[in-house]
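**Student:** Before anything else, here's the structure in question.
The values are calculated or read from the model by the stated rules, or taken from the named source; none is laboratory data. Please read all numbers here as calculations on a predicted model, not as lab measurements. Note that we place each Cβ from the backbone using ideal geometry, even for glycine, and neighbour counts take in every protein chain shown. SASA here: full protein model, heavy atoms, side chains in, ligands and nucleic acids out. Shrake-Rupley method; radii C 1.70, N 1.55, O 1.52, S 1.80 Å.
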Amino acid sequence: MNSELRSKIITNLTDAGCDIVLAERYADSKSAKEKNDILKSHRQRLLDDLHKCQKRIDCLDYLIYSENKS
């Protein structure tokens, strides 16, 4: 892989929330399985974070609803 492509991949992954170490590990990996595992694992972490945030929003929505109801 040339350095320009490697740089673009690392930038894309850091934009997606990966830390630099993980992005470099992905870019340097020769194994398609390892690359896939890295992406799936990071995606799952993002999804878990999304669900945590959604639960917080739901709590706030309930409080807003309760306050407006009374």
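**Student:** Please work out which one of (1) of a type in the set (A, V, I, L, M); (2) open to solvent by 70 Å² or more (accessible area, probe 1.4 Å); (3) assigned to a helix (DSSP H, G or I) is the condition MET1 fails and give its number.
**Tutor:** Result: MET1 passes all but (3).
**Student:** While we're looking at this one, here's another question. Looking only at segment 6-38, count how many residues are among the β-branched types (Val, Ile, Thr) and not in a helix (DSSP H, G or I).
**Tutor:** As a first pass, look at segment 6-38 and keep what is among the β-branched types (Val, Ile, Thr): 9-11, 14, 20-21, 38.
Next cut, not in a helix (DSSP H, G or I) only: none.
The qualifying residues number 0.
**Student:** Here is a follow-up. Within segment 14-24, how many residues turn out to be without any contact (Cβ under 8 Å) to a residue 24 or more places away in the chain and within 13 Å of LYS35 (Cβ to Cβ)? Walk me through it before giving the result.
**Tutor:** Here is the first cut: in segment 14-24, the residues without any contact (Cβ under 8 Å) to a residue 24 or more places away in the chain are 14-15, 19-24.
Filter once more, so that each one left must be within 13 Å of LYS35 (Cβ to Cβ): 22-24.
The total comes to 3.
**Student:** Does SER29 count as within 15 Å of LEU13 (Cα to Cα), open to solvent by less than 80 Å² (accessible area, probe 1.4 Å) and of a type outside the set (Lys, Arg)?
**Tutor:** Numbers: within 15 Å of LEU13 (Cα to Cα): yes; open to solvent by less than 80 Å² (accessible area, probe 1.4 Å): yes; of a type outside the set (Lys, Arg): yes.
Yes: the conditions hold for SER29.
**Student:** State all residues of segment 21-40 that are within 13 Å of the chain's Cα centre (by Cα) and either closer than 13 Å to ARG6 by Cβ or of a type in the set (Gly, Ala, Ser) (or both); if no residue qualifies, say none. First the steps, then the outcome.
**Tutor:** Start the filter on segment 21-40 by keeping residues that are within 13 Å of the chain's Cα centre (by Cα), which leaves 22-23, 38-40.
Of everything in segment 21-40, just one residue is within 13 Å of the chain's Cα centre (by Cα) and either closer than 13 Å to ARG6 by Cβ or of a type in the set (Gly, Ala, Ser) (or both), namely ALA23.
Yes/no matrix, rows are residues, columns are (1) open to solvent by 70 Å² or more (accessible area, probe 1.4 Å); (2) at pLDDT below 95; (3) of a type in the set (Asp, Glu):
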site: SER7; (1), (2), (3): no, no, no
site: LEU13; (1), (2), (3): no, no, no
site: ASP19; (1), (2), (3): yes, no, yes
site: CYS59; (1), (2), (3): yes, no, no
